[in-house]
Amino acid sequence: MTPLIRLENLTVAYNRHPAVHHVSGAFASGSLTAIAGPNGAGKSTLLKAIMGELRPAEGRVEHRLGRAEFGYLPQAAEIDRRFPISVIDTVMLGAWKKTGAFGRIAPAEVKRAGEALSAVGLEGFGRRHVGSLSAGQFQRVLFARLLLQDAGIILLDEPFTAIDARTTRDLIDIVTRWHGEGRTVIAVLHDFELVRTHFPQTLLLARELVGWGATADVMSSPNLLKARAMAERWDEDAAACDPEQAPAA
Ligand code: ADP
Ligand code: MG
């Protein structure tokens, strides 16, 4: 395998509390990897560290990619949809790498944006305000933006959480197509069934690495139990360390 991104003893911390701890391994070029793990396992943190949005407290992320080479879909909770912007303009943001932030948008790009909307089943939605869309429709818009961006590596943070089944199926098809085109795709997922059916590789995280490799091996019952036990231990730690939770003296 050709490693595209290598993690070397990676630790990422917030206020000195590690959210990702001593993770080592590599994503092969062209691989399709699910990141699974309990809430608070550091999955979103890991994606941000891979892109270089967060700096390691220890260890390294090694790759030769610029930020613009990553297509990124943030977790829904991090996106503000009240921002007054149309569907087509949201999709066009995917073209900024070519146009520059303030550059003139070529008619060819506008055409491609329209094609991207058709590809996600939203033909004719261009002038709608994003705030007027359902969660599933909005997720389709964000996938259209990724299609326009045409990045070689795509990071998706819980792309199918709270999304209807039909949309999930359609968007999974796009992920599968990206994989077929040789792009490297890394997606945080909660639905183990989706992971097992569509993702050949899995990275199971519970702040520390529980397993990373072929999905059938990594998503074993012992590993899932181990991940859960590790998460329960943080909860106990939180109760013991959090001054708000401590009994009054
Ligand atoms: P996951 O995506 O697996 O649910 P996160 O990466 O979002 O986990 O968070 C991992 C841990 O880091 C959690 O304990 C979370 O509360 C903490 N955390 C995440 N973002 C921040 C932040 N900006 N500041 C402080 N702590 C954070
Ligand atoms: Mg997250």
Original post:
Is it the case that I186 is modelled with pLDDT of 95 or more and touching a Gly at 6+ places or on another chain (Cβ under 6 Å)?
Top reply: no
Subject >> Residue satisfying all of: in region 73-87; farther than 29 Å from M219 by Cβ and open to solvent by 30 Å² or more (accessible area, probe 1.4 Å); nearest to ligand 1 (Cβ to nearest atom) among these >> reply: D80
Subject >> Flag if L204 is at pLDDT 95 or above, within 19 Å of V23 (Cβ to Cβ) and open to solvent by less than 70 Å² (accessible area, probe 1.4 Å) >> reply: yes
Original post:
Looking at R207, R228, which one is at positive phi and within 16 Å of ligand 1 (Cβ to nearest atom)?
Top reply: R207
**OP:** Collect the residues in region 24-55 that are open to solvent by less than 50 Å² (accessible area, probe 1.4 Å) and more than 16 Å from ligand 2 (Cβ to nearest atom), keeping them in residue-number order.
**Re:** G25, A26, F27, A28, G30, S31, L32
**OP:** Give the number of residues within region 161-216 that are without any contact (Cβ under 8 Å) to a residue 24 or more places away in the chain and not in a helix (DSSP H, G or I).
**Re:** 4
Subject >> Filter result (within 16 Å of ligand 2 (Cβ to nearest atom) and touching a Gly at 6+ places or on another chain (Cβ under 9 Å)) within region 143-161 >> reply: L155, L156
Original post:
Mind checking which residues of region 4-46 are in a loop (DSSP other than H, G, I, E, B), of a type outside the set (D, E, K, R) and out of contact with any Lys or Arg (no Cβ under 9 Å at 6 or more places or on another chain)?
Top reply: N15, S29, S31, N39
Original post:
Just for helices (runs of 4 or more DSSP H) wholly inside region 88-154: which have at least 2 residues that are surrounded by fewer than 18 Cβ atoms within 10 Å (Cβ to Cβ) and at pLDDT below 95?
Top reply: 96-99, 107-119
**OP:** Pick out the one residue from V110, V130 that is touching a Lys or Arg at 6+ places or on another chain (Cβ under 6 Å) and farther than 20 Å from L203 by Cα.
**Re:** V130
**OP:** Inspect region 62-72 for any residue being at pLDDT below 95, within 17 Å of the chain's Cα centre (by Cα), open to solvent by 60 Å² or more (accessible area, probe 1.4 Å) and away from ligand 2 (no atom under 16 Å from the Cβ) and give the result as yes or no.
**Re:** yes
Original post:
Restricting to region 13-55, what's the tally of residues that are over 17 Å from the mean Cα position of the chain (by Cα) and under 26 Å from A229 (Cβ atoms)?
Top reply: 11
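The values are calculated or read from the model by the stated rules, or taken from the named source; none is laboratory data. No experiment lies behind these values; they were computed from the predicted model shown. Please note: Cβ atoms are built from the backbone with ideal geometry, for glycine as well, and neighbour counts cover all protein chains shown. Please note that ligands, DNA and RNA were not included when accessible areas were found on the heavy atoms of the full protein model with its side chains. Shrake-Rupley method; radii C 1.70, N 1.55, O 1.52, S 1.80 Å.
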